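One structure below.
The values are calculated or read from the model by the stated rules, or taken from the named source; none is laboratory data. Since the structure is predicted, the reported quantities are computational estimates derived from the model, not experimental observations. Reconstructed Cβ throughout: ideal geometry from the backbone, glycine too, with neighbour counts over all protein chains shown. Remember, those area values only see protein heavy atoms, side chains included, never the ligands or the DNA or RNA. Shrake-Rupley method; radii C 1.70, N 1.55, O 1.52, S 1.80 Å.
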Amino acid sequence: MRRNAFVTALVPLALMLATPLAAQELPRPTISVSGEGTAYAVPDVATITLGVTSQAEQAADAMAQTSETVGTILARLVEMGLVARDVQTSDLSLNPIWSNRSVDNQPPRIEGFEASNQVTIRVQDLEKLGDVLGAVLGDGANRLGGLSFGLKNPEPLLDIARRDAVADAMARAKVYAEAAGVTLGPVLSISEGGTSIPRPEMMMEMRVSDASVPVAAGETGLTAAVSMVFAIGE
């Protein structure tokens, strides 16, 4: 009799535990896609990285020669209307010049020193860019680290790229839904995948003997990526 009573008591408990599990809904089917958008505009600012390198037997002489040339360049930039916040020393180095490194049984010997000073310049008036490059090269800059173009205020262009990224993701989701024979439901989530600046198409020709360096800025662009999750309609 006790065994029957125990089994009878377990039956209602089992029904109570099974009812919530049966009532649970399956995960809602979704479609996950990503989109990308790029917007282009004419750049309105340029960044130049240039430097001066000098060699001498004495370290102090190498640094003095480099400093004198850089001082001349900085003074010229002020004359051309560039403000102090747009000119920055980005690297300063002094290294020995070794000899006898490839000769057997002879220790390496320092035969001189090389001093280098690298300056980053931001040109906010692109009409002056060619003149600036020509002037600094004429004043003794002998290293050009790079030239890049950008935008002073990229946010408006970035918003256009973001809208294009969302439109791209929605178009992809519609294609997938149609191909699968289902109805595309509402958006469940949106997350930004990041932004980037594609390398602008540009041309640059260096002519040290000219007073100005011909430069074509072309266009610069901003790219935005987005991930979106859509519900599948019933």
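Odds and ends about this structure:
- Taking 7 Å steps out from each Cα toward its Cβ at Val187 and Ala64 produces label points 6.6 nm apart.
- Phi to ³J(HN,Hα) by Karplus 6.51 cos²θ - 1.76 cosθ + 1.60 over the stretch 111-117, Hz, x for Gly, Pro: 9, x, 9, 10, 10, 9, 10
- Karplus-derived 3J(HN,Hα) values for the stretch 148-165, using 6.51 cos²θ - 1.76 cosθ + 1.60 with θ = phi - 60°, are 9, 10, x, 10, 5, 10, x, 4, x, 5, 5, 5, 5, 4, 5, 5, 5, 5 Hz; glycine and proline are entered as x.
- Taking every alpha-carbon pair under 8 Å whose residues sit at least 6 apart, the stretch 51-148 reaches a relative contact order of 42 percent.
- Cα gyration tensor category, rounded, prolate or oblate, for the stretch 72-180 with a/c compared to 1.5: oblate
- Dipole check for the stretch 69-184: with +1 at the C-beta of Lys and Arg, -1 at the C-beta of Asp and Glu, and the Cα centre as origin, the magnitude is about 240 Debye.
- Only protein atoms count toward the accessible area here, which uses a 1.4 Å probe; on the stretch 53-168, the carbon and sulfur part of that area reaches 47 percent.
- The stretch 88-197: relative contact order in percent, alpha carbon pairs under 8 Å with at least 6 residues between: 16 percent
- Computed with a 1.4 Å probe over protein heavy atoms only, the accessible surface of the stretch 63-139 comes to 59 Å² per residue.
- Pairwise FRET efficiency - Trp98 versus Arg76, Cβ, R0 = 41 Å, nearest 0.05: 0.75
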